[in-house]
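Novice: What follows is a structure written as structure tokens; I'll ask about it next.
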Amino acid sequence: MKKIIFFIFLRFFFNLSASESTFPISDENKDLYSKVYDEAQYVLQKNHFNNEFSFKKSDVVKKFINQIDNQRLIFTQNELNSYSIKPLFNSADEVNLAFMLFNYFKERSLGLIDHQIETIKLIESEEDLISNDFVYKNRENLERFKSYSQIKTYQQKLIKSEFISVYLKENDIEKAKKKILKRLDNRKKSLNRITNDE
């Protein structure tokens, strides 16, 4: 039941927030979202959605993180574990955690795009592309990285792989750089436009 309540609540307050919200949210909004959450919980309990059903909050938090970071490119394993055991005493704590996780995901994603931009800017010639690295592009079923430095290293390999694909078509380092940098800039713009319901 906690899972159902948590996701109904998340969907509701994300829909309420059409503008970009950054953590921490105002006390007024915290109060509003907490009341909505409590109301959803009350309605579900009154309508017997909780019959003989229990769900650990740690599992709900892990599920939420795995949904927003399904490729396992943002949160490390330690961060996943840490957030899932964070004590949540009331609905306001759950509201705060949901916003914090969402905004953490967004901010780290932007930071990693900046890291990729710097990686591309350093490419001067074909020699800079020589590597024996293999990149798994679909990481949904792989283990999470153990550290942020591992995530950054993976992001470097990923963007170099993307650059090589473009370079093979363009056959010109500067044209390929321009194309990839434009893509990365568009990704940043898309992330900055993202609303909480998205």
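Novice: When N counts the residues of the stretch 103-164, how does its alpha-carbon radius of gyration compare numerically with 2.2 N^0.38 Å, as a ratio?
Specialist: 1.18
Novice: In whole Å, what three semi-axes, largest first, describe the equivalent ellipsoid of the stretch 59-198 built from its Cα gyration tensor (square root of 5 times each eigenvalue)?
Specialist: For the stretch 59-198, the semi-axes come out at 33, 17, 11 Å.
Novice: Still on this structure: Of SER131, ILE159, SER147, whose Cα points farthest to the positive end of the dipole of the stretch 124-175 (charges on the beta-carbon: +1 Lys, Arg; -1 Asp, Glu; origin at the Cα centre)?
Specialist: So the residue we want is SER147.
Novice: Counting other Cβ atoms within 10 Å, keep those with at most 15, restrict to DSSP loop, and tell me which chymotrypsin sites (Phe, Trp or Tyr not before Pro) in the stretch 63-107 are left.
Specialist: Working: sites: PHE64, PHE75, TYR83, PHE89, PHE99, PHE102, TYR104, PHE105; in loops: PHE75, PHE89.
Loop-located and lightly packed - PHE89.
Novice: Please work out the ratio of the alpha-carbon Rg of the stretch 72-116 to 2.2 N^0.38 Å and round it to two decimals. Please list the in-between numbers first.
Specialist: Details: Rg = 12.2 Å, N = 45, 2.2 N^0.38 = 9.3 Å.
Taking N as the residue count of the stretch 72-116, the ratio is 1.30.
Novice: While we're on this one: At LYS169 and ILE194, where each label point lies 7 Å from the Cα along Cα→Cβ, what is the point-to-point distance in nanometres?
Specialist: It works out to 2.4 nm between the two label points.
Novice: What's the whole-number percent of alpha carbon pairs in the stretch 159-198 lying beyond 11 angstrom?
Specialist: Above the 11 Å cut-off, the stretch 159-198 has 64 percent of its Cα pairs.
No value in this document is a laboratory result; all are computed from the given coordinates. Since this is a predicted model, take the numbers as computed values, not measurements. Every residue, glycine as well, gets a Cβ built from its backbone with ideal geometry; the counts of neighbours run over all protein chains shown.
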